[in-house]
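Colleague: To start, I am sharing the structure in question, which I have written as structure tokens.
The values are calculated or read from the model by the stated rules, or taken from the named source; none is laboratory data. Keep in mind the model is a prediction, meaning the values are calculated, not measured. Reconstructed Cβ throughout: ideal geometry from the backbone, glycine too, with neighbour counts over all protein chains shown. For accessibility, only protein heavy atoms count, side chains too; no ligands or nucleic acids. Shrake-Rupley method; radii C 1.70, N 1.55, O 1.52, S 1.80 Å.
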Amino acid sequence: MLRNRIYFGLKPFVPLSLRLAARRWIIGNLRPKVSDRWPISPGSERPPEGWPGWPEGKQFAFVLTHDVESQKGLDRVKALAEVEMKYGFRSSFNFIPEGPYDVPAELRQWLVTNGFEVGVHDLHHNGKLYRDREEFRHSAARINHHLKEWGAVGFRSGFMLNRLDWMHDLEASYDASTFDTDPFEPQPEGMNTIFPFWLPNPRGNRKDGSPGGYVELPYTLPQDSTLFVHMREKSPAIWLKKLDWVKDHGGMAAVIVHPDYVSFPGDAPSKRTFPLEYYEALLQHVQNCGIKPWHVLPKEVASFTALHKPLLRAKPKRICMVCYSNYQTDARVTRYADSLAERGDHVDVVSLRTTLDSPAELKAGKVNLICPQARVGKNETSPVSFLLPLLRFLISSTLLITRRHAKEKYDLLHIHNMPDFLVFAAWFPKLTGAKVILDVHDIVPELYSSKFKSNSGSLTLTALKWVEYLSARFADHVIISNHLWQQKFAARTNSEAKCSVFINNVDSQLFSATPRTRNDGKIILLFPGGLQWHQGLDIALRAFQEVSKNLPQAQFHIYGDGIMKPSLKALAAELGFNGNVRFFDPLPVREIAKVMADADLGVVPKRADSFGNEAYSTKIMEFMSLGVPVVISNTKIDKFYFDSTVAHFFESGDHVALAKAILEVLNDKEARQQMVARATSYAARNSWESRKGDYFQLIDSLSDGAVSAR
């Protein structure tokens, strides 16, 4: 719309006060004819996912709130409250705690005693609350102080500005800084819903153990200042028509009325006020609408909503993922992309081709796969041979993303390391408003050190840590694949506030216990994964030499690629296994799941004195989900997530201990079955389904509700 283009065109150059003045003029002079309607967003009548319906058979909710912006408004609080009491209504009055007036404790007490609610309205009400993330943390501490001092649980920002992802810093039960649809606000992007909804905190529970998150209460009737001050409407008709529409769709009719703008009997007429009769007409309309509403305070609506935690239905997004890997064999990336595509988002994935003659573009289910570069195997033996293909992929993916974003904008880009600097492929989308997630599968300095035996003080490692720091600063959010790395990464990059952990939770639709299809009398030990030194496959081969002496029918199958593959094959030949050890190329996720389900034992022999000590292995929980017992080394990371009731541990690096552990599991059927039952239950509790909603909320809060006021 013309008015919004004019307003936002001024944003980078003009202070907020002048922008708001320009907005008032634009609304007043370029407004559409809306005397008989109000903008309605298609789909806003749809309740959030998990919505239970209103209690006690009520068909809609009616919520009254007031923002007090000046001393004049403060002086009129009691008068407005008494009008509401006359009609049998109660409301919430939101006060500015460090603004142009002092809020008497006696007034707050009078309101609460008479059944009203007191809330916090911004901090200073100067439009600067969301200017800087670090400043917001300091402001949040002050806001939390006032919430506690006033006994308040509700918050609303000034000018309806919002950063819904930052709001988790507040100790408020609900926020009311958004709307369903209102194109005349400084941030015109609405929530497109006439229902309250739950916003879970991606970082988990609060410090006191209560559920991490808060309720969002969008206003659904245009606020009084927009209608009567800026648009100069001469009747409450829009209020009444919108209320009827909300009522007919069973939503929440929530309105903001400023006592500052109400003209009481005896007041001199002014362009900055509207007659009290308009507000009384709204209250009378609710009384006479033929349906008794659920009229309660905002905090009571929030309490009801928090009990059921309905999630906002997300608008379809355009999302691009970038990974320097084969998408179809990368379970972590396919899990994200498939889930987003399944819920209706448009998902492009930029990844590698596995062969030179593979198609450059194809469909992988509902995901659009674009492969500008091929990578066959993982056999780089020097830093230079490792770096050059990465730089080439950075250039090709940057050009591809820039071209596609210019044609049709992405809402969010989810960039997967390695390498960290791949996140800069999103520079143009980020510059034009898209949000960027950096997903840290592996922390690069430690992996590089392990792969190329680099010492801790080397120039290369120092450079990698600088790249890591800059990449974290560039990203709007950082996902890290385990809690140990989160602590290390956040401390090193000073990015704790925007870090969250998503371990490699298994997709139970792909990895679930199925009947055995193999009946050949063999015992299959299996390792699927990268063939790097830290994975300890040489230890497993030496252990299998002892296992095969006791169980001649046993075979060890290894699926994967990596720098160690030639030397592992040579070691297998040297140990004389005569075909009992077999190497296979990596398989797509769906195919490897079937292979793993047919195994008798999973083996994860990582070294604890290397990068593997803190590298989480997806394959462990995949085996558990499939009902396959697993033997794992006692690395720090695996001891952090698992215990001896769900997996059989052995002393890392000790092939004799590994052989003993394998034989103990295979020879004790009863203990093995008990371990499998406990492991399957553990995997079910920690499946991707248990975290998918958190991932969706992170995506939506960044691309929808996290609009910066800067």
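Colleague: Are any residues in segment 357-393 open to solvent by 40 Å² or more (accessible area, probe 1.4 Å), at pLDDT 75 or above and aliphatic (A, V, I, L, M), and if so, which ones?
Modeller: Passing the criteria: Ala360, Leu362, Leu387, Leu388, Leu391.
Colleague: Further, regarding this structure: For segment 534-541, indicate whether the set of residues that are at pLDDT 90 or above, out of contact with any Cys (no Cβ under 7 Å at 6 or more places or on another chain), of a type outside the set (Gly, Ala, Ser) and open to solvent by 30 Å² or more (accessible area, probe 1.4 Å) is non-empty.
Modeller: Of segment 534-541, the ones at pLDDT 90 or above are 535-541.
Restricting the remaining residues to those that are out of contact with any Cys (no Cβ under 7 Å at 6 or more places or on another chain) gives 535-541.
Next cut, of a type outside the set (Gly, Ala, Ser) only: 535, 537-539, 541.
Imposing the further condition that a residue be open to solvent by 30 Å² or more (accessible area, probe 1.4 Å) reduces the set to 538.
Scanning segment 534-541 turns up at least one residue that is at pLDDT 90 or above, out of contact with any Cys (no Cβ under 7 Å at 6 or more places or on another chain), of a type outside the set (Gly, Ala, Ser) and open to solvent by 30 Å² or more (accessible area, probe 1.4 Å).
Colleague: Quick test of your reading of the structure: Ala497 fulfils all but one of (1) more than 26 Å from Lys660 (Cα to Cα); (2) modelled with pLDDT of 90 or more; (3) not in a strand (DSSP E or B). Name the failing condition by number.
Modeller: (2)
Colleague: On to the next question. Looking at Leu307, is it assigned to a helix (DSSP H, G or I), touching a helix residue (DSSP H, G or I) at 6+ places or on another chain (Cβ under 7 Å) and either of a type in the set (A, V, I, L, M, F, W, C) or surrounded by fewer than 23 Cβ atoms within 10 Å (Cβ to Cβ) (or both)?
Modeller: Taking the combined requirement at face value, the residue does not satisfy it.
Colleague: Find the residue count for segment 111-125, including only residues that are assigned to a loop (DSSP other than H, G, I, E, B) and closer than 10 Å to Gly151 by Cα. First the steps, then the outcome.
Modeller: So in segment 111-125, the residues assigned to a loop (DSSP other than H, G, I, E, B) come out as 114-116, 122-125.
Imposing the further condition that a residue be closer than 10 Å to Gly151 by Cα reduces the set to none.
Residues that pass the stated criteria total 0.
Colleague: Still on this structure, please answer the following. If you go through segment 417-426 one residue at a time, do you hit one that is out of contact with any helix residue (DSSP H, G or I) (no Cβ under 8 Å at 6 or more places or on another chain) and either outside any helix (DSSP H, G or I) or at pLDDT 90 or above (or both)?
Modeller: Among the residues of segment 417-426, not one is out of contact with any helix residue (DSSP H, G or I) (no Cβ under 8 Å at 6 or more places or on another chain) and either outside any helix (DSSP H, G or I) or at pLDDT 90 or above (or both), which makes the answer no.
Colleague: Across segment 210-219, which residue is surrounded by the most Cβ atoms within 10 Å (Cβ to Cβ) among those that are of a type outside the set (Phe, Trp, Tyr) and in contact (Cβ under 8 Å) with a residue 60 or more places away in the chain?
Modeller: Among those residues, the one meeting the criterion is Leu217.
Colleague: Which condition number does Ile524 fail, the rest of (1) surrounded by fewer than 19 Cβ atoms within 10 Å (Cβ to Cβ); (2) more than 21 Å from Ser652 (Cα to Cα); (3) not acidic (Asp, Glu) being met?
Modeller: Of everything listed in (1) surrounded by fewer than 19 Cβ atoms within 10 Å (Cβ to Cβ); (2) more than 21 Å from Ser652 (Cα to Cα); (3) not acidic (Asp, Glu), Ile524 misses just condition (1).
Colleague: Also: So which residues in segment 647-661 are within 40 Å of the chain's Cα centre (by Cα) and open to solvent by 50 Å² or more (accessible area, probe 1.4 Å), if there are any at all?
Modeller: Within segment 647-661, just Glu651 meets the criteria.
This table checks each residue for (1) on the phi > 0 side of the Ramachandran plot; (2) surrounded by 20 or more Cβ atoms within 10 Å (Cβ to Cβ).
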position: Gln109; (1), (2): no, no
position: Thr113; (1), (2): no, no
position: Gly127; (1), (2): yes, no
position: Ser157; (1), (2): no, yes
position: Glu185; (1), (2): no, yes
position: Gly190; (1), (2): no, yes
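Colleague: With the checklist (1) surrounded by fewer than 22 Cβ atoms within 10 Å (Cβ to Cβ); (2) in contact (Cβ under 8 Å) with a residue 12 or more places away in the chain; (3) under 19 Å from Ser225 (Cβ atoms) in hand, flag the one item Glu277 doesn't pass.
Modeller: (2)
Colleague: Which of the numbered conditions does Arg343 fail, given that it passes all the others? Conditions: (1) under 30 Å from Tyr448 (Cα atoms); (2) modelled with pLDDT under 90.
Modeller: Among (1) under 30 Å from Tyr448 (Cα atoms); (2) modelled with pLDDT under 90, the lone unmet condition for Arg343 is (1).
Colleague: Right, next: What pairs can you find where one residue is in segment 634-657 and closer than 20 Å to Leu537 by Cβ, the other is of a type in the set (Gly, Ala, Ser) and in a strand (DSSP E or B), and their Cβ atoms are less than 8 Å apart, with a gap of 6+ or different chains?
Modeller: So the pair list comes out as Phe649/Ser633; Phe650/Ser633; Glu651/Ser633; Ser652/Ser633; Gly653/Ser633.
Colleague: Looking only at segment 337-356, which residues are open to solvent by less than 60 Å² (accessible area, probe 1.4 Å), under 23 Å from the mean Cα position of the chain (by Cα) and farther than 22 Å from Val423 by Cα?
Modeller: The answer is Gly344, and nothing else.
Colleague: Of all strands (runs of 3 or more DSSP E) completely enclosed by segment 184-302, which ones contain at least 3 residues that are under 30 Å from Ala497 (Cβ atoms) and modelled with pLDDT of 90 or more?
Modeller: Here the list reads 197-200, 213-216.
Colleague: So, one more: Just to be sure I understand, how many residues within segment 610-619 are under 10 Å from Asn504 (Cα atoms) and either part of a helix (DSSP H, G or I) or without any contact (Cβ under 8 Å) to a residue 12 or more places away in the chain (or both)?
Modeller: The qualifying residues number 2.
Colleague: What are the residues in segment 400-416 that are assigned to a helix (DSSP H, G or I) and basic (Lys, Arg), if any?
Modeller: Just the residues of segment 400-416 that are assigned to a helix (DSSP H, G or I), to begin with: 400-407.
Within segment 400-416, Arg403, Arg404, Lys407 meet the criteria.
Colleague: A further question follows. Here are some residues: Glu664, Glu614. Which one is open to solvent by 10 Å² or more (accessible area, probe 1.4 Å) and under 29 Å from the mean Cα position of the chain (by Cα)?
Modeller: Glu614
Colleague: Further question: Assess whether Ile620 counts as being open to solvent by less than 40 Å² (accessible area, probe 1.4 Å), more than 20 Å from Ser339 (Cβ to Cβ) and either among the polar types (S, T, N, Q) or at pLDDT 90 or above (or both).
Modeller: yes
Colleague: Which condition number does Pro515 fail, the rest of (1) out of contact with any Gly (no Cβ under 6 Å at 6 or more places or on another chain); (2) modelled with pLDDT of 90 or more being met?
Modeller: Tallying (1) out of contact with any Gly (no Cβ under 6 Å at 6 or more places or on another chain); (2) modelled with pLDDT of 90 or more, Pro515 fails exactly one: (2).
Colleague: Give segment 601-617 a look and list any residue that's farther than 24 Å from Ser325 by Cβ and modelled with pLDDT of 95 or more, or say none.
Modeller: Leu601
Colleague: Given the structure, is Ala684 surrounded by fewer than 19 Cβ atoms within 10 Å (Cβ to Cβ) and either closer than 16 Å to Ala597 by Cβ or at pLDDT 95 or above (or both)? First the steps, then the outcome.
Modeller: On the way: surrounded by fewer than 19 Cβ atoms within 10 Å (Cβ to Cβ): yes; either closer than 16 Å to Ala597 by Cβ or at pLDDT 95 or above (or both): yes.
Yes, satisfied.
Colleague: Condition first: out of contact with any strand residue (DSSP E or B) (no Cβ under 8 Å at 6 or more places or on another chain) and closer than 14 Å to Arg163 by Cα. Now tell me which residues in segment 181-202 satisfy that.
Modeller: Within segment 181-202, Pro186, Gln187, Pro188, Glu189 qualify.
Colleague: Looking at segment 623-641, which of its residues are open to solvent by 20 Å² or more (accessible area, probe 1.4 Å) and either among the charged types (D, E, K, R) or within 19 Å of Ile503 (Cβ to Cβ) (or both)?
Modeller: Asn634, Lys636, Lys639, Phe640, Tyr641
Colleague: At pLDDT below 85 and either among the hydroxyl-bearing types (Ser, Thr, Tyr) or loosely packed, with under 15 Cβ neighbours inside 10 Å (or both): does that describe Leu399? Please lay out each step first, then the result.
Modeller: Values: at pLDDT below 85: no; either among the hydroxyl-bearing types (Ser, Thr, Tyr) or loosely packed, with under 15 Cβ neighbours inside 10 Å (or both): yes.
Answer is no for this residue.
Colleague: Of the residues in segment 142-176, how many are assigned to a helix (DSSP H, G or I) and either of a type in the set (Phe, Trp, Tyr) or free of Cβ contacts under 8 Å to residues at least 24 places away in the same chain (or both)?
Modeller: So the count comes out to 6.
Colleague: If Ala254 passes every condition in (1) in contact (Cβ under 8 Å) with a residue 12 or more places away in the chain; (2) open to solvent by 60 Å² or more (accessible area, probe 1.4 Å); (3) more than 22 Å from Gln71 (Cβ to Cβ) but one, which one does it miss?
Modeller: Every listed condition holds for Ala254 apart from (2).
Colleague: All but one of (1) modelled with pLDDT of 95 or more; (2) over 26 Å from the mean Cα position of the chain (by Cα) hold for Arg156; which doesn't?
Modeller: Going through (1) modelled with pLDDT of 95 or more; (2) over 26 Å from the mean Cα position of the chain (by Cα) one by one, Arg156 breaks only (2).
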